[in-house]
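Worksheet: one structure, shown below.
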Amino acid sequence: MGSVKMGLGEFFCLTVLFELGTALVVNLGMGAGRDAWISILIGCAAGLVMFTGYAYLYRKHPGLPFTAYTRKLLGKYIGTPVALSYIVLYLNLAGRDLRDGSSMLAMATMHNTPLFILSTLMLLSGAYVLHKGLEVLGRTSIVFAVVVMGIGLFGTVLLIFSGSINLNRLLPVLENGLQPVVSSVIHQNYMFPFGEMVCFTMLMPYLGNAKKGPWIIAAAMLFSALVLSFTMALNISVLGADIVERSPLPLMPTISKISISDFIQRVDIFVVMVLIIGVFFKMSVFFAAALIGISELFRLPYRRMLYPCALIILFTSMLDARSFVEHLEEGGILLYRIYPFAMIVIPALLIIVNTVRDYFSEPRPG
């Protein structure tokens, strides 16, 4: 993508919106029951450990995306298939997020609108921004990060004044011990959404400040975890753990509880806005990561592959599953069994290979 450089503020906002994505509106971490907010924080800690490995590889190869230094470390014949598999992974993740967004939007408001229409419109908006350039995506993220935070603050204040929050629903903390929390982290929270930060290994070469950049991204991950943890605690304190666990979009009924003097009501549209914004940025980041990989691997201008990749993402989204329930079940299997290999095992292998090469390439006395 040329000599594009993005500022630290842009990367911070882009990371926050990527992490929030669909995680902000779903019942994240409810395998831990009313302790879901704790499992999110622990999952973030695990995600930060993984990101430390990604940052290490970036510092060793600051001007190269993941696909480039994979071939450099593993060699042409092993590294090329591995790099290609990551491009496929990013396209698949973009398609899955597009399916998440269009299905949730159909459930929330547009009940009679075909998924194909919703998916096409959302994908075209992402493709248009990426056609303008990666820096445009970064600048756009600043505007929408302010919008999302403003909506969150506004909604929280209204819930407080409407008297819907009951903090006793969060008690007792760790009633069943740590086992449900740890199980929730292992099966979901460390990988979704924090493990998905592996795609930022494709974007970090465009950091304007290579020294402070990884720290800013890590800070954005921590900030996102605090927002997600607070949101889940808010959902549980308003609805109760049982209702949140059964609801695919618990933030929607939480916000619908707002009622102040029969004057302020039906503010559900704010949740829909947050959902659309989150899906747009999460899908666009995966889309951008795939384009950067294709451009680097095949030496093609990324704009030439923009709309062919958009078609792949669209049809991946539509053919992913026959129903939203099947889509979620498939996602659970991928999170627990497939994605850890791409997000933990291969980066760990690259770190080991890089460390060994550095050790043997160091000059010896005499």
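The values are calculated or read from the model by the stated rules, or taken from the named source; none is laboratory data. Remember, it's a predicted structure, so these values are computed and weren't measured experimentally. Every residue, glycine among them, receives a Cβ derived from its backbone with ideal geometry; neighbour counts consider all protein chains shown. What goes into the accessible areas is simple: the full protein's heavy atoms, side chains included, and nothing from ligands, DNA or RNA. Shrake-Rupley method; radii C 1.70, N 1.55, O 1.52, S 1.80 Å.
What's the number of the only condition in (1) open to solvent by 10 Å² or more (accessible area, probe 1.4 Å); (2) under 12 Å from ALA55 (Cα atoms); (3) touching a helix residue (DSSP H, G or I) at 6+ places or on another chain (Cβ under 7 Å) that PRO205 fails to meet?
It fails just one condition, (3).
Within the stretch 107-144, track down each residue that is under 17 Å from LEU24 (Cα atoms) and either aromatic (Phe, Trp, Tyr) or without any contact (Cβ under 8 Å) to a residue 24 or more places away in the chain (or both).
Answer for the stretch 107-144, where residues must be under 17 Å from LEU24 (Cα atoms) and either aromatic (Phe, Trp, Tyr) or without any contact (Cβ under 8 Å) to a residue 24 or more places away in the chain (or both): just PHE144.
Does ALA348 meet the test of being modelled with pLDDT of 95 or more and touching a Pro at 6+ places or on another chain (Cβ under 9 Å)?
In short, no.
Suppose we filter THR254, THR316 for residues that are among the polar types (S, T, N, Q), surrounded by 16 or more Cβ atoms within 10 Å (Cβ to Cβ) and within 30 Å of ARG169 (Cβ to Cβ); which single one remains?
Of THR254, THR316, the one residue that is among the polar types (S, T, N, Q), surrounded by 16 or more Cβ atoms within 10 Å (Cβ to Cβ) and within 30 Å of ARG169 (Cβ to Cβ) is THR254.
From the residues in the stretch 216-242 that are under 14 Å from the mean Cα position of the chain (by Cα) and of a type outside the set (A, V, I, L, M), which one is most open to solvent (accessible area, probe 1.4 Å)?
Per the stated criteria, the residue is PHE223.
Is it the case that the stretch 323-338 has a residue that's touching a residue at least 24 places away in the same chain (Cβ under 8 Å) and of a type in the set (S, T, N, Q)?
No.
Can you name the number of the only condition in (1) modelled with pLDDT of 90 or more; (2) under 23 Å from LEU105 (Cα atoms) that LEU203 fails?
(2)
Which number in (1) among the basic types (Lys, Arg); (2) in a helix (DSSP H, G or I); (3) within 20 Å of THR120 (Cβ to Cβ); (4) open to solvent by 60 Å² or more (accessible area, probe 1.4 Å) marks the one condition that LYS282 misses?
Only one criterion is unmet by LYS282, namely (4).
Go through the stretch 38-63 and give me each residue that's closer than 14 Å to VAL173 by Cβ and open to solvent by 60 Å² or more (accessible area, probe 1.4 Å).
Result: LEU41, ILE42.
Between a residue in the stretch 203-223 that is in contact (Cβ under 8 Å) with a residue 24 or more places away in the chain and more than 24 Å from TYR86 (Cβ to Cβ) and any residue that is open to solvent by 50 Å² or more (accessible area, probe 1.4 Å) and not in a helix (DSSP H, G or I), which pairs come within a Cβ distance under 6 Å, given they are 6 or more apart or on different chains?
Hits for this filter: GLY208/LYS5.
Output the qualifying pairs, or none if there are none: Cβ atoms under 9 angstrom, residues six or more apart or on different chains, first residue in the stretch 150-175 and within 22 Å of GLY31 (Cβ to Cβ), second residue in a loop (DSSP other than H, G, I, E, B).
Final answer for the pair search is ARG169/GLY240.
Is there any pair with a first residue in the stretch 42-58 that is of a type in the set (A, V, I, L, M) and a second that is crowded, with 22+ Cβ neighbours inside 10 Å and not in a helix (DSSP H, G or I) whose Cβ atoms are under 8 Å apart and which are 6 or more apart or on different chains, and what are they?
ILE42/TYR190; ALA46/TYR190; ALA46/PHE194; LEU48/PHE194; MET50/TYR190; MET50/PHE194
Would you point out the residue of the stretch 168-197, among those that are touching a Ser or Thr at 6+ places or on another chain (Cβ under 9 Å) and more than 18 Å from LEU334 (Cβ to Cβ), that is surrounded by the most Cβ atoms within 10 Å (Cβ to Cβ)?
So the residue we want is VAL181.
Yes or no, residue by residue, for (1) among the acidic types (Asp, Glu); (2) under 28 Å from THR120 (Cα atoms); (3) buried (at least 22 other Cβ atoms within 10 Å of the Cβ):
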{"residue": "LYS5", "(1), (2), (3)": "no, no, no"}
{"residue": "LEU8", "(1), (2), (3)": "no, no, no"}
{"residue": "LEU17", "(1), (2), (3)": "no, yes, yes"}
{"residue": "GLY29", "(1), (2), (3)": "no, no, yes"}
{"residue": "ALA36", "(1), (2), (3)": "no, no, yes"}
{"residue": "PRO65", "(1), (2), (3)": "no, no, yes"}
{"residue": "THR70", "(1), (2), (3)": "no, no, yes"}
{"residue": "LEU84", "(1), (2), (3)": "no, yes, no"}
{"residue": "ALA94", "(1), (2), (3)": "no, yes, yes"}
